[in-house]
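Below is one structure, written out as structure tokens, with a few remarks after it.
The values are calculated or read from the model by the stated rules, or taken from the named source; none is laboratory data. Just so it is clear, the model here is predicted, and its values are computed rather than measured. Cβ placement follows ideal geometry from the backbone for every residue including glycine, while neighbour counts extend to all protein chains displayed.
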2 protein chains.
Amino acid sequence: MLGKNDLNIEGYKNTKQRTKILQIFKDSNIPLSAEDIFIRMKEYYPLLAISTIYRNLEILTSKGIVIKNIFNDGIARYELASTNHRHHLKCIGCNMTVDIDACPLKSLEHSIEAQTDFDISGHSLELYGYCPKCKKKNTESGSSN
Amino acid sequence: MLGKNDLNIEGYKNTKQRTKILQIFKDSNIPLSAEDIFIRMKEYYPLLAISTIYRNLEILTSKGIVIKNIFNDGIARYELASTNHRHHLKCIGCNMTVDIDACPLKSLEHSIEAQTDFDISGHSLELYGYCPKCKKKNTESGSSN
DNA sequence: GTAGATGCAAATTTTTTGCATTTAG
DNA sequence: CTAAATGCAAAAAATTTGCATCTAC
């Protein structure tokens, strides 16, 4: 195992900031926004610029090390590509998010590859609806219109 | 007379701008960004403000008439909720987009509803990869690192 | 020593908001 | 008539860029 948080790609340097970003990703099991990462890092590097985060995320994304996903709130969130493939179910009412650990898309991807001759490298999937609590509230407050 | 592109919801008026937005959605079979709509409408309403588009999209989305989706380029795109449920396959290389008319998620939604007790109202799914042409280019230019 | 990375500030881009005016019903 | 909608301008929020300085290798 590599065991380190280094970006072993020729032409790129392992700065402490970059190493820390990778560490933060490894310590997290949810997708993180640039600001999430920024806040976590500010504690260690008070002079840190948010542009450093964005520039690193750009590199990490282009190298396929992290995956970028833009959620329906308009904010991009990132996660390690090596993290087990996850999808999320988000409550429209209270924003509570639940992980889904089924991903039924592998077989779909294969059949679409066959149909389109694309080389499919990934997908983003987010489900949304109302959680049990908000569902209940909705029902209670009536459902006219 | 009541045009077919009218928003028949109490408290809302059928302005010509709003009617036109609905018409544009009906004429389009791809998701449109606020700017896409703005450009199409400017031709007819040169004084149109983009805030009018955003405000209408907000209302239409909140009424469930259109669906908002934020693509991986960070731009929100909208489509009629009544439009047949579509997903897209986008080429990372050239941005070419292909429609997929399979949506395998209905059954997944049901099983997740059962597991989580959520009331799932929808999902967003986007697939990405390399189209035949770009795939070829990638192979030709080698794949060393 | 040098290419690449960083911090800082300013610029861009997309979306939202305040307000005076106009319009649909 | 009047609540809702619009146009315009300015503000926010997220992200990107230019540049001088710094750091990993």
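Do we have A:ASP73 as within 14 Å of another protein chain (Cβ to nearest Cβ) and either modelled with pLDDT of 95 or more or near DNA strand D (Cβ under 10 Å from one of its atoms) (or both) here?
Yes, satisfied.
In the range B:27-60, how many residues are over 23 Å from A:ARG77 (Cα atoms) and touching a strand residue (DSSP E or B) at 6+ places or on another chain (Cβ under 7 Å)?
2
Out of the range B:19-59, which residues are farther than 20 Å from B:ASN69 by Cβ, among the basic types (Lys, Arg) and modelled with pLDDT of 95 or more?
Step one: filter the range B:19-59 for residues farther than 20 Å from B:ASN69 by Cβ, giving B:19-20, B:23, B:41-49, B:51-52.
Right, trim to among the basic types (Lys, Arg) and you get B:20, B:42.
Within the range B:19-59, B:LYS20 is the sole residue that qualifies.
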